[in-house]
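Okay, structure first, notes after.
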There are 2 protein chains.
Amino acid sequence: MKKILVVGLGLIGGSLAMALQGFEDYEVVGAARSQSTYDKAVAKHAANRVTFDPAAELPGADVVILCQDPAGIIGFLRDNRDRFKPGCLVLDVCGVKTAVMDAAAEYLPDGVDFIGCHPMAGKEVSGIDNAEGTLFRNTHFIVTPGPRATAEHLDLLHRMAKYCQFGDVIETTPERHDEMIAYTSQMMHVIAVSVCDNEELFSCVGFEGGSFRDCTRVAALDPAMWTQLFTLNAPALSKIVSELEERIHQYRVAIENNDRETLCAMLASASNRKKQINLERARGDDVRPGF
Amino acid sequence: MKKILVVGLGLIGGSLAMALQGFEDYEVVGAARSQSTYDKAVAKHAANRVTFDPAAELPGADVVILCQDPAGIIGFLRDNRDRFKPGCLVLDVCGVKTAVMDAAAEYLPDGVDFIGCHPMAGKEVSGIDNAEGTLFRNTHFIVTPGPRATAEHLDLLHRMAKYCQFGDVIETTPERHDEMIAYTSQMMHVIAVSVCDNEELFSCVGFEGGSFRDCTRVAALDPAMWTQLFTLNAPALSKIVSELEERIHQYRVAIENNDRETLCAMLASASNRKKQINLERARGDDVRPGF
């Protein structure tokens, strides 16, 4: 029997370990760090077997899926570089790809194949308590294969994605992934926390619209994790946030100057773009949006 | 039989006319502007009676609900100041209150009672086609009575709100309403259009998270209407947007400087605020958020 080792049993790792059980002839071993997570993983059968010692499992693991935070993933690659089974496939699932791919290129020996992954799935809540085997159903699975990724491993990855019921698999480069995610996800989190940093937050109950609740939903984030995600993607994120600042400023100037003509033209252009992208998405697949 | 005249049968006006049918001993008359809206209103029985001529109905109307855009409401008050029935109650439902209350104070004769209203309900789609009598169920109804509002009219307003199944009625001043709405609604629209004004919008399909879709949802707005709403509330809106710009800028600087300590502290503070307000709302009523 072959072995998939899932390192880190939080929301994503726990859900992946659950989703992958029964995949072909693989045993799914989950590695927990805390006693609490270990006990819960055992209780909910999050993996075929649960361990505290991922390093001991590495020499026998055909597929390793790293589900820690970015610093945890990079540290794990560095500390365990000589323990990976030759010819194995190593994946990660975190939200930045260039920094992780760079670390994999630096630390992993030649015979180990690393493919960066980003399942576009999530919840507002975290941890093994909230893990579920159907979390990935109909979501996007973004993968960033390195230049040495083998066709055999890519094929295996696609079969695993299908088994987990991902809606599609999107291959791209780590750089393009990080640019896109800076725009579609990280910037949304910068916006959400910035909106919540206003003194009116606690006085606006009763006045909030659905737009307010939707926009601020992701502000209840994990500060340490997002500090890593933001700083590991600083060039792409600061570029796109700077563009946002500029555009918001242009709207404010038009409003302050009572420049209705400019303002209406800006709003018409933006709303048309949004209506057009809504139409394009409606024509597209029915993959649901990720987190 | 007494008469409620609903002027303007778009999404809100049409829904109000539908929701109010059967209220006490009132006939609900709906005034449409276009033939198309008239025909649809008749076909879906949006009112007890539909007319093209609201001015002709005014002398006999005990309650008048103005459901045009802000400029339409202000123009209607100006043009029909002498046609209102003495002692009648006039309401509006638009998203800015100070400008409308000021116009009412300027134009309406002493015996006419004006109360500004803002039902916190809506949809991404507009028009009589999307009107429905249950639109207001469990939503907030914000009202800004003028200094001369009578207890009798306030009581009538509360009975109407209850009949329409609003979740609650929140009384405030026009100025406070406009400050709050600048923050909770108008700024969300500025953010949504600013995000959509980026060249990446059309290349990010497959990379968008739920946060992106939620944040940009309201960008598909009506440019002429929102130009009015923004400019009629320019002081409050530009103040709050300026605060947002400053805060987003602080995040960008911390990210660019790789200042993890500051960034983590900012994120911890904001996420704690959001978690706290989530708890307060969970303890509160079950009124659903408006648009």
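Side notes on the structure shown:
- Residue check, residue A:129 closer than 25 Å to residue B:198 by Cα, touching a residue at least 40 places away in the same chain (Cβ under 8 Å), touching a helix residue (DSSP H, G or I) at 6+ places or on another chain (Cβ under 8 Å) and outside any strand (DSSP E or B): no
- For region B:125-136, the count of residues that are buried (at least 19 other Cβ atoms within 10 Å of the Cβ), over 25 Å from residue B:227 (Cβ atoms) and either within 14 Å of another protein chain (Cβ to nearest Cβ) or of a type in the set (S, T, N, Q) (or both) is nonzero.
- Members of region B:227-272 found to be within 21 Å of residue A:212 (Cβ to Cβ), hydrophobic (A, V, I, L, M, F, W, C) and without any contact (Cβ under 8 Å) to a residue 40 or more places away in the chain, listed by number: B:234, B:248, B:266, B:267, B:270
- Taken over region B:142-160, the criterion of being out of contact with any Pro (no Cβ under 9 Å at 6 or more places or on another chain) and either more than 30 Å from residue A:263 (Cα to Cα) or without any contact (Cβ under 8 Å) to a residue 24 or more places away in the chain (or both) is satisfied by B:145, B:147, B:148, B:149, B:150, B:151, B:152, B:155, B:156, B:158, B:159, B:160.
- Candidates B:61, B:43, filtered to the one that is among the small types (Gly, Ala, Ser), more than 19 Å from the chain's Cα centre (by Cα) and crowded, with 22+ Cβ neighbours inside 10 Å: B:61
- You will find that of B:216, B:184, B:173, the residue that is β-branched (Val, Ile, Thr) and free of Cβ contacts under 8 Å to residues at least 24 places away in the same chain is B:184 and no other.
- Single residue of region A:139-180 satisfying the filter (part of a helix (DSSP H, G or I) and facing chain B (nearest Cβ under 10 Å)) that is nearest to residue A:92 (Cα to Cα): A:177
- Screening the candidates B:69, B:92, B:113 for the property of being under 17 Å from residue B:12 (Cα atoms) and buried (at least 22 other Cβ atoms within 10 Å of the Cβ) yields one hit, B:92.
- Members of region B:75-117 that are of a type in the set (Val, Ile, Thr) and assigned to a loop (DSSP other than H, G, I, E, B): B:93, B:96, B:112
- Taken together, B:221, B:157 contain a single residue that is touching a helix residue (DSSP H, G or I) at 6+ places or on another chain (Cβ under 8 Å) and buried (at least 18 other Cβ atoms within 10 Å of the Cβ), which is B:221.
- Segments classed as strands (runs of 3 or more DSSP E), wholly inside region B:1-71, with at least 1 members that are of a type in the set (Lys, Arg) and closer than 25 Å to residue B:153 by Cα: B:2-7, B:49-51
- Condition met for residue A:282 (closer than 30 Å to residue A:67 by Cα, surrounded by fewer than 20 Cβ atoms within 10 Å (Cβ to Cβ) and out of contact with any Ser or Thr (no Cβ under 9 Å at 6 or more places or on another chain)): no
Values quoted throughout were computed directly from the atomic coordinates according to the rules given, and no laboratory measurement underlies them. Values in this document were obtained by computation on a predicted structure and should not be read as measured data. Every residue, glycine among them, receives a Cβ derived from its backbone with ideal geometry; neighbour counts consider all protein chains shown.
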